[in-house]
Number of protein chains: 2
Amino acid sequence: MILSSLSRHLPILDWGRHYDRTALSGDLLAAVIVTIMLIPQSLAYALLAGMPPEAGIYASIAPIVLYAVFGTSRALAVGPVAVVSLMTAAAVGDIAQSGTAGYVTAALTLAFLSGAMLLALGLFRLGFLANFLSHPVIAGFITASGILIAASQLRHILGIQGEGHTLIEIATGLLAHLGEVNLITAALGVTATAFLFWVRTGLKPLLRRLGLGPRQADLGAKLGPVLAIVVTTLAVWAFDLGARGVAVVGEVPQSLPPLTLPSVSPALLSQLFMPALLISVIGFVESISVAQTLAAKKRQRIDPDQELIGLGAANIGAAFTGGFPVTGGFSRSVVNYDAGAATPAAGAYTAAGLAFAALFLTPLIHHLPKATLAATIIVAVLSLVDLSILKRAWGFSRADFAAVSVTIALTLVLGVETGVVAGVATSIFVHLYKTSRPHIAVVGRVPGTEHFRNVLRHDVETQPHVLSLRVDESLYFPNARYLEDQLAACIVEKPQLTDVVLMFPAVNEIDLSALESLEAINARLADAGVTLHLSEVKGPVMDRLRRSSFLDDLSGEVFLSQHEACCRLAGSPRRSAPLGPPADAAHEHRDERGEDE
Amino acid sequence: MILSSLSRHLPILDWGRHYDRTALSGDLLAAVIVTIMLIPQSLAYALLAGMPPEAGIYASIAPIVLYAVFGTSRALAVGPVAVVSLMTAAAVGDIAQSGTAGYVTAALTLAFLSGAMLLALGLFRLGFLANFLSHPVIAGFITASGILIAASQLRHILGIQGEGHTLIEIATGLLAHLGEVNLITAALGVTATAFLFWVRTGLKPLLRRLGLGPRQADLGAKLGPVLAIVVTTLAVWAFDLGARGVAVVGEVPQSLPPLTLPSVSPALLSQLFMPALLISVIGFVESISVAQTLAAKKRQRIDPDQELIGLGAANIGAAFTGGFPVTGGFSRSVVNYDAGAATPAAGAYTAAGLAFAALFLTPLIHHLPKATLAATIIVAVLSLVDLSILKRAWGFSRADFAAVSVTIALTLVLGVETGVVAGVATSIFVHLYKTSRPHIAVVGRVPGTEHFRNVLRHDVETQPHVLSLRVDESLYFPNARYLEDQLAACIVEKPQLTDVVLMFPAVNEIDLSALESLEAINARLADAGVTLHLSEVKGPVMDRLRRSSFLDDLSGEVFLSQHEACCRLAGSPRRSAPLGPPADAAHEHRDERGEDE
């Protein structure tokens, strides 16, 4: 019992007990490959986040180990990723200048805050909050972020200044410094970028032709960035290009991850609160979708709340070991998985490999040009850019299209934080709007049956003194008053009316607003001499109604079926109604959504 | 055609053509009664809003006429009301000191902005936005406002300083000045308050015993405040209590409503934007519910979008004639209705009466003590305070209780604007939370029938290799991932599974997030060797799915009915599943909401 509870929060106790030689060899092989791939990626994302290069390696060591202890995915590789690094640069860039001690401290603090939030969300089982980020919003956000990231790296490719956190800032920055382009840097940068694009498309077929198996060719192609880094570093070193203005990584300390402390300044914490929350949610959403995709292939289980704890621990680890915000990354995880990682121990071995690199290999990257790192970033993030989501959303529904386009436009023009928040707000608003005007059909009986259908779609029988309305949505505050308005209109339009029946087969829930609207409808109909009935009310809705006095006050009855209601109300109208317009006045209720059942 | 379109936006063209002698006499009588009642009410709400007393009368003249032209309710009386006056004081009090010209200008500007917003909402038919204010939030807000208003008037009753816009500010203000109580003012104020409470409860029975009919007695009782004002004014005048420290209304200009201009300062407009929006929405919601209640009694129609235009015109009128924000008030409208107002012309006659009062009667109120006005406010607003909404919400649902209690607590502690916004946010959040974990039942066949029911509620037949899940909610972004998680768990728990059937009879809608989740589920189940089927998909949902490639990619089929699905899948499992735990593992899916159908 205690063990099972412990292993829920410490998944390592579960897989650790069954660890064997097969798992060990799979994990070790995966670790070697991932380590080699992670070194350039870590350096590049540190550059993107505005951090010193070694921070990227540090941010991949402790987090990977802590995730291995607390996380539930067996293949997820945690470390710096593009979108989170961009968000870090945007948040910390508002507070301090890149390259200062204040910048590093703010980034550590951001990782700490984000880790604490993820941990809290996991412990209180609040992972569902991430669901408020709809798929179109995430897709739009990642696409816009990819464009922003690629644009932000152009200055490294050209060897000029020109920072910025929005597309407009970046573009004006680049234009202002366009006269200062360093031609050698630009030549290196453009060549590296072109080479890496070729690696993505041309290297794999070449390796296949050279006789490698599909999996080896795939992994070989993934090592392309390492090749670009080795070649350009050697070129800079051999021709002393650093002295000719090519920006290089420079002196990197040879050290294991240092012990660092996040700031506890309340002013800084409050400034970073909102960015940390957004980074946490975006990072979690990215990570969990990678983890679930990989887990399904082996029928393994991902526990979202435990994932929050794993990612929270990883970020807190990053904060205390010189890192910056991290999450589970798609490309590194896929490599890990493809390379045969069997357990989270593969992550621990990767961490050991990276620690070795941090201790002994950093002198080798002194001459690594920043332009090469920028090229690896650009090629990596352009695969995130997928504007087809706009077309897809447009074809599927205008509501989703609104959410995607708002997210993309505002992320590009106003920055990542505004973009995400506006996207979430738009998707919530659009949902409320859609449900605020539910489909309400006037129904009549299909002749000779007990079925009731929309009068606009079917040739059905109605009685002039009875109006039967089927409400195709749960009743809650955004649509409560709509129902009131519709019924208020009905009693004016149909003076011969004596009975209204509301059919509730599709009403899954009624909240207090809707209850009060029903009470108002009941009272107003009674004032107008019309009796209100309900039919086909679901069990849970009936239970809810019984908690109020509505059923006692209801002027009419609750019928089990619409058929029963119609039979009972078929007799002569209880009040002598004046002769009004013919009964097909009901046809004036437009069926705007054009649907039935 | 043109006339019918015109009369939609100018309802006066409709009722004006049928105006006759009966309507005229009813309207005139109502106007006299309402005018007498409105004078003290208008003065009192001007005091509450921090405006000079005459502003209250001015705010009842032009608005009432403009509403008569553009509004659709035949009985609604527009003018200053308690809650909107409180919100005005809160908004304008942040910008200028009460009693200054800047304060009056800011109030005019607030009325103008609010009028323009109402007009825009009406012209663009955006009245549904008001629906996002749920009934519990409104009830909580009005109750908390009533408490705040009553508390804010205590200083006038006691004759001391102590302003504030939150309960804490008011309480500390009163305590700080408690030593300065003016005993004569306090005696007058307490007596007037006690008298007015007695009027509410004791005067009507007394008038009945004196031989008046029920309606006359009711109207007589409503004139109680006028009596209190006459008596206390005479007392102050006779004993020269003004010289002994009793605060009086003082010099009031004898004038028709002046022509005033709102400010067009961008800084002021942007400061007042949010308060104006909240005042517009709250005012509209209050007004429309009064209008609908009164209209239903005569089977008259209220057009919510036209009401927005009417209220917008009224507020713009107030802005140009020395007023402040107005809306349709409950008590004045009920008096108007009970006094027999037949058409909006009654409002015009009331306006004429008030204009007469503004021109000739203002010298009479020079000696009117502010304490009496405060007493009328306190007695009026305490009828708004109804804490039973807390009990009612608690009994009905925790979600509604959360929204009410957050609204009440934050309105009292942090002020009206924060209170409303937090209330709306809470009710939206709670709704998203509820729908983010929809009821998903594992179903099986009731033996010998074609009915499928929850395995936890009924004794049903299931097949070990088929899992049938009924989803009882529309699928959209807050619950899309929940379904993914649930299905990811299922395929781990039931290794013998080969087919999953999702039953969609209660799914009214699918958005792009849910579509992508279904695609991910389909792909992940396929990776795990499980086929996904759908059954009982509604027409509109099917139409939506056809707009994507989901149906082409679906590994299984779409069955018309669950029965058909079960018959077709009843054969031998298509893959030889390993022997797992017995099939009733399905029972592990807790039916937390404990409901079926």
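The values are calculated or read from the model by the stated rules, or taken from the named source; none is laboratory data. Bear in mind the structure is a predicted one, so any value in this text is a computation, not a measurement. Glycine gets a Cβ as well: all are built from the backbone with ideal geometry, and neighbour counts include every protein chain shown. Areas reflect the complete protein model, heavy atoms only, side chains present, ligands, DNA and RNA absent. Shrake-Rupley method; radii C 1.70, N 1.55, O 1.52, S 1.80 Å.
Observations
- Counting only DSSP beta bridges with both residues in chain A, the antiparallel share comes to about 45 percent.
- When only alpha carbons are used to place a centre, segment B:166-180 and segment B:256-278 end up 30 Å from one another.
- Within the shell of other residues whose beta carbon sits under 15 angstrom from the beta carbon of A:I377, the net charge comes to +3, with Lys and Arg scored +1 and Asp and Glu -1.
- Relative to one another, the C-alpha centroids of segment B:182-252 and segment B:404-431 are positioned 36 Å apart.
- The charge dipole of segment B:429-489, taken about its Cα centre with unit charges on the Cβ atoms of Lys, Arg (+1), Asp and Glu (-1) only, comes to about 160 debye.
- Unit charges at the beta carbon, dipole of chain B: most positive-side option, B:G283, B:G115, B:T233: B:T233
- A:T22, A:T426, B:T407, ranked by accessible area, largest first (probe 1.4 Å): A:T22, A:T426, B:T407
- Extent along principal axes [Cα atoms of the protein assembly as shown; Å; largest to smallest]: 109, 77, 63
- Farthest toward the positive end of the dipole of chain A, out of A:G159, A:L361, A:A523, is the Cα of A:L361, where the dipole comes from beta carbon charges about the Cα centre.
- Extension gain for B:K298-B:A101 works out to 66.4 nm (0.36 nm per residue, less the C-alpha to C-alpha distance).
- Summary of the geometry: segment B:72-91 and segment B:34-61, compared by the centres of their Cα atoms, lie 11 Å apart.
- Largest accessible area first, the listed residues A:M503, A:M542 line up as A:M542, A:M503 when surface is computed with a 1.4 Å probe on the assembled protein chains.
- Take every DSSP beta bridge whose two residues both sit in the protein assembly as shown; close to 45 percent of them are antiparallel.
- Cα→Cβ-extended label distance, 7 Å offset, between A:A238 and A:A352, nm: 3.6
- Cα-based helix-to-principal-axis angle, B:512-527 vs chain B, degrees rounded to 10: 20
- Label-point spacing at A:S98 relative to the other copies reads 5.4 nm, in ascending order, each point sitting 7 Å out from Cα along Cα→Cβ.
- Segment B:426-522 - percent relative contact order, Cα under 8 Å, separation 6 or more: 29
- Paramagnetic label zone (point 7 Å from Cα along Cα-to-C-beta, B:D14; backbone N under 19 Å) in segment B:325-358: B:328, B:337, B:341-348
- Summed over both chains, the area buried between A and B is near 7000 Å², taken from the accessible surface of protein heavy atoms with a 1.4 Å probe.
- The B:H458 and A:L227 beta-carbon pair, evaluated with R₀ = 60 Å, returns a calculated FRET efficiency of approximately 0.40.
- Å² per residue, accessible surface of the protein assembly as shown at 1.4 Å: 39
- Loop-located trypsin sites (Lys or Arg not before Pro) in segment B:252-342 (DSSP state not H, G, I, E or B) with no more than 14 neighbouring Cβ atoms inside 10 Å: B:K298.
- For the pair B:A489 and B:L175, label points projected 7 Å from Cα toward Cβ lie 5.0 nm apart.
- What you get for the protein assembly as shown, charging only the Cβ of Lys and Arg (+1) and of Asp and Glu (-1), is a dipole of about 80 debye around the Cα centre.
- Cα long-axis angle, helix A:477-493 against chain A (0 to 90 degrees, to the nearest 10): 30
- Buried on complex formation within segment B:128-153 (loss of at least 50 square angstrom of accessible surface versus the isolated chain, 1.4 Å probe, ligands and nucleic acids ignored): B:F128, B:N131, B:F132, B:H135.
- Across chain B, C-alpha contacts under 8 Å between residues 6 or more apart give a mean separation that, scaled by the residue count, equals a relative contact order of 21 percent.
- For A:L227, inter-copy separations between label points set 7 Å beyond Cα along the Cβ vector come to 10.1 nm, shortest first.
- Per-copy distances of the A:P205 label point, shortest first, in nm (7 angstrom along Cα→Cβ): 9.8
- For segment A:85-163, the list of chymotrypsin sites (Phe, Trp or Tyr not before Pro) that fall in a loop by DSSP and count at most 12 other C-beta atoms within 10 angstrom reads A:F124.
- Scattering from segment A:7-73 was approximated by placing one identical point on each alpha carbon and applying the Debye formula without solvent; log10 I(q)/I(0) at 0.24 1/Å stands at -1.03.
- Only Lys, Arg, Asp and Glu carry charge here, each on its Cβ (+1 for the first two, -1 for the last two); on that basis chain B has a dipole of about 1920 debye about its Cα centre.
- GluC sites (Glu not before Pro) within segment B:388-472, DSSP loop, no more than 15 other Cβ atoms inside 10 Å: B:E450
- Each Lys or Arg adds one and each Asp or Glu takes one away; over the other residues whose Cβ falls under 15 Å from the Cβ of A:D94, this sums to -3.
- The angle between the Cα long axis of helix B:224-239 and the main principal axis of chain B comes to about 40°, on a 0 to 90 degree scale.
- Protein accessible area in chain A, 1.4 Å probe - carbon and sulfur %: 64
- Geometric extent, Cα atoms of segment A:130-283 - Rg, Dmax (angstrom): 20.3, 60
- Equivalent-ellipsoid semi-axes for segment A:440-588 (Cα gyration tensor, √(5λ), whole Å, largest first): 23, 17, 15.
- Heavy-atom SASA rank of A:I491, B:I142 (probe 1.4 Å, accessible area, largest first): B:I142, A:I491
- With one equal scatterer per alpha carbon and no solvent term, the Debye-computed log10 I(q)/I(0) for segment B:21-388 at 0.15 1/Å reads -1.39.
- Net charge in the neighbourhood of A:L364 (other residues with Cβ under 14 Å of its Cβ; Lys, Arg +1, Asp, Glu -1) is -2.
- A:R544 accessible area, assembled protein chains, probe 1.4 Å, Å²: 60
- Calculated FRET efficiency for the pair B:R437/B:M274, C-beta based, R₀ 35 Å, to 0.05: 0.60
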